[in-house]
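Single-structure report; data block below.
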Amino acid sequence: GGAAGGGYAQVIPMEEFNLHLTGDIHAITAANNLLAAAIDARILHENTQSDKSLYNRLVPVVNGMRGFSAIQLARLRRLGINKTDPETLTEKEISKFVRLDIDPSTITWQRVVDTNDRFLRKITVGQANTEKGFVRQAQFDIAVASEIMAILALTTSLQDMKERLGKMVVANDQKGEPVTAEDLGVTGALAVLMKDAIKPTLMQTLEGTPVFVHAGPFANIAHGNSSVLADKIALKLVGEKGFVVTEAGFGADIGMEKFFNIKCRASGLVPSVVVLVATVRALKMHGGGPNVTAGAPLKKEYTEENLQLVADGCCNLQKQIQITQLFGVPVVVALNVFKTDSPAEVDLVCKIAKESGAFDAVPCNHWSAGGRGAVKLAQAVEKAANQKNSFKYLYSLELPIVEKIRIIAQKVYGAQDIELSPVAQSQVDRYTQQGFGNLPICMAKTHLSLSHQPERKGVPTGFILPITEVRASIGAGFIYPLVGTMSTMPGLPTRPCFYDIDLDPITEQVKGLF
């Protein structure tokens, strides 16, 4: 489903929200794929042309004059060539300037598309005769997994966004040094494609409460938080005594941990309260309830009172509260009530939550009653915001990459230890050697379990967390380890929801979107 909410707690117009809205994802897709095209084209041209030929094309004579563009001058300065006249470069300097010498086996920048297409998970590019035999294996990621989406969510200004786009590392050269978007000369064009996407979209709830909709970095791959810019604009608009509610995707183990360790570092903001959302149904699953299949009717355990399942599943809620307490911020549990939940089940969850260290735990009925159904939650949040806040980060950025990963695995997920594959270890060594060791960590992990195994519910213990690969989003400003088998491109199920989506040609009304 979409992220527009539901019932009487919904952002409108829902159809536009869930479709193209203002085209931010299209802008990210265009920018991402322009960079991907630039990488392959540059390798082709360097492979098929002499230094002189490359130089004449990269710095052409226009109206009898030859001059470097601003981004080319910046590259010359980075190379230690302090010249501005193209005619004065030596042959050695020309070679240094025109050759990025990208090692194709190290390319980490993938093309993206915003469609769940499993057949793009591994592809071969360059098979046409015009590409002169330059064939390599590549892949598509889902658009929201693009580093450009993460940059959009973490940037603080147009200038900052330009700098971050330029820093994006796309590959290594033959000497093992990082190659960036700035080296490819594409930073300015990327910024132009993103110039409107940087502006948050103002929408509203059914009751007219203003809502900023901005950015959607994949929450189990990137950091899963809405934008810093939207938060800052909202804080300015609500004034000193106002409240801004901002979302961190999935549970305290993923979205919240990344919110604190990555987003708070980027924004400099410290939240007053954490609202931890729970449901009786989810807790029953953590207590050992039967598997749930999307689209299939729920088993009776989820729709009939079962206090034992609820009590057993509250271990997961207790763990989520403990994770929050690691950061020193008060936590309020919001229990979203379904019509099939019994009063005894609701009372039990709230009782256990309070006994486990939550400042308060409040049943919420905003789905069925709108704002009136969340007044008690709002009051609890207001009181919690007045509590002492001893916010702290989970780890120091100065620690080695592997140690930062281990702290998250052990303190947040409850792992016994971590295990890096040889590939992951060599990647960590390379990033450290390249000077990227002091970045925060963004774990790419399943959201269906505290562990790396989706089927392990409740609070798994004693497991070794496998790190299969480690990637670097230098523009966004984090290192992201892939835990277990994490896919960056979803696939369509046997019965996709498109069977139920339709458009009325008379009224233009969209049906079945959510």
*exposed (fewer than 15 other Cβ atoms within 10 Å of the Cβ), at pLDDT 95 or above and over 22 Å from Leu397 (Cα atoms): does that describe Pro493?*
no
*Which one is least open to solvent (accessible area, probe 1.4 Å) among residues in the range 405-420 that are over 24 Å from Gly435 (Cα atoms) and either out of contact with any Ser or Thr (no Cβ under 9 Å at 6 or more places or on another chain) or among the acidic types (Asp, Glu) (or both)?*
Val412
*Of the residues that make up the range 54-72, is at least one surrounded by 12 or more Cβ atoms within 10 Å (Cβ to Cβ) and within 28 Å of Phe140 (Cβ to Cβ)?*
yes
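Yes/no matrix, rows are residues, columns are (1) within 26 Å of Thr279 (Cα to Cα); (2) out of contact with any strand residue (DSSP E or B) (no Cβ under 8 Å at 6 or more places or on another chain); (3) of a type outside the set (S, T, N, Q):
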site: Gln434; (1), (2), (3): no, no, no
site: Asn438; (1), (2), (3): no, yes, no
site: His447; (1), (2), (3): yes, yes, yes
site: Ile474; (1), (2), (3): no, no, yes
site: Cys497; (1), (2), (3): yes, yes, yes
site: Pro505; (1), (2), (3): no, yes, yes
site: Val510; (1), (2), (3): no, no, yes
_Within the range 454-465, does at least one residue satisfy the condition of being under 18 Å from Ile221 (Cα atoms) and in contact with a strand residue (DSSP E or B) (Cβ under 8 Å, 6 or more places away or on another chain)?_
yes
*Report those helices (runs of 4 or more DSSP H) wholly inside the range 215-310 carrying at least 1 residues which are open to solvent by 50 Å² or more (accessible area, probe 1.4 Å) and within 19 Å of Leu326 (Cβ to Cβ).*
264-267
*Pairs, please: C-beta under 9 Å, at least 6 apart or cross-chain, first residue without any contact (Cβ under 8 Å) to a residue 24 or more places away in the chain and surrounded by 13 or more Cβ atoms within 10 Å (Cβ to Cβ) and in the range 389-404, second part of a helix (DSSP H, G or I) and hydrophobic (A, V, I, L, M, F, W, C)?*
Leu399/Ile407
*Hey, which of the helices (runs of 4 or more DSSP H) in the range 86-177, taking only ones fully inside, have at least 1 residues that are loosely packed, with under 14 Cβ neighbours inside 10 Å?*
91-98, 158-167
*Just checking, how many residues over the range 41-95 are without any contact (Cβ under 8 Å) to a residue 40 or more places away in the chain, among the polar types (S, T, N, Q) and touching a helix residue (DSSP H, G or I) at 6+ places or on another chain (Cβ under 7 Å)?*
1
_Contacts under 9 angstrom Cβ, first residue in the range 290-314 being at positive phi, partner in a loop (DSSP other than H, G, I, E, B) and of a type outside the set (Lys, Arg), 6 or more apart_ = Gly295/Pro493
_Answer residue from the range 22-49, given it is under 23 Å from the mean Cα position of the chain (by Cα) and among the polar types (S, T, N, Q) and is modelled with the lowest pLDDT among those_ = Thr22
*For residues that are in contact with a Leu (Cβ under 8 Å, 6 or more places away or on another chain) and within 17 Å of Leu482 (Cβ to Cβ), scanning just the range 432-443, find the one that is least open to solvent (accessible area, probe 1.4 Å).*
Pro440
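The values are calculated or read from the model by the stated rules, or taken from the named source; none is laboratory data. Please read these numbers as outputs of a predicted model, since none were measured by experiment. Note that each Cβ is placed from the backbone with ideal geometry, even for glycine, and that neighbours are counted across all protein chains shown. Accessible surface areas use protein heavy atoms only, side chains included; no ligands, DNA or RNA. Shrake-Rupley method; radii C 1.70, N 1.55, O 1.52, S 1.80 Å.
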